[in-house]
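Peer 1: Quick one: this structure, given as structure tokens, is what I'll be asking you about.
Coordinate-derived values only; no laboratory data. Note that the coordinates shown come from a computational prediction; the quantities given were computed from them, not determined experimentally. Please note: Cβ atoms are built from the backbone with ideal geometry, for glycine as well, and neighbour counts cover all protein chains shown.
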């Protein structure tokens with residue numbers, strides 16, 4: 001089961017957050033051979049993607065950094081969205097590791 005964490009994203013600003021993964025014994029999960037994808041959509045059933053996170057994996061430390069550039073966050077209308085992050089291992093098995101709401105707060109400065 002995926003962990004639940006809500007994100008707050010400032011419209012028009014760079015966004016970055018890092019996820020640290022551990023196995024069932026609390027040990028760092030090696031991400032060697034893994035890939036990751038994360039998307040934001042208005043609703044779970046939405047066919048259009050509001051944004052796709054940039055992902056950087058650090059295999060040895062079990063960390064995934066999610067990023068959105070300021071130009072990407074500026075293009076997202078303010079409001080509440082949903083998101084999730086999936087990892088895929090070298091054999092193609094997919095695991096949803098994180099999900100929740102993503103709130104994009106409007107910007108005054110441009």
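Peer 1: Return the only residue of 100, 54 being surrounded by fewer than 17 Cβ atoms within 10 Å (Cβ to Cβ), on the phi > 0 side of the Ramachandran plot and under 14 Å from the mean Cα position of the chain (by Cα).
Peer 2: Going through 100, 54 in turn, the sole match is 100.
Peer 1: If a residue must be exposed (fewer than 13 other Cβ atoms within 10 Å of the Cβ) and closer than 16 Å to residue 20 by Cβ, how many such residues does region 59-94 contain?
Peer 2: 1
Peer 1: Can you name the number of the only condition in (1) more than 21 Å from residue 82 (Cβ to Cβ); (2) touching a helix residue (DSSP H, G or I) at 6+ places or on another chain (Cβ under 6 Å) that residue 9 fails?
Peer 2: Failed condition: (1).
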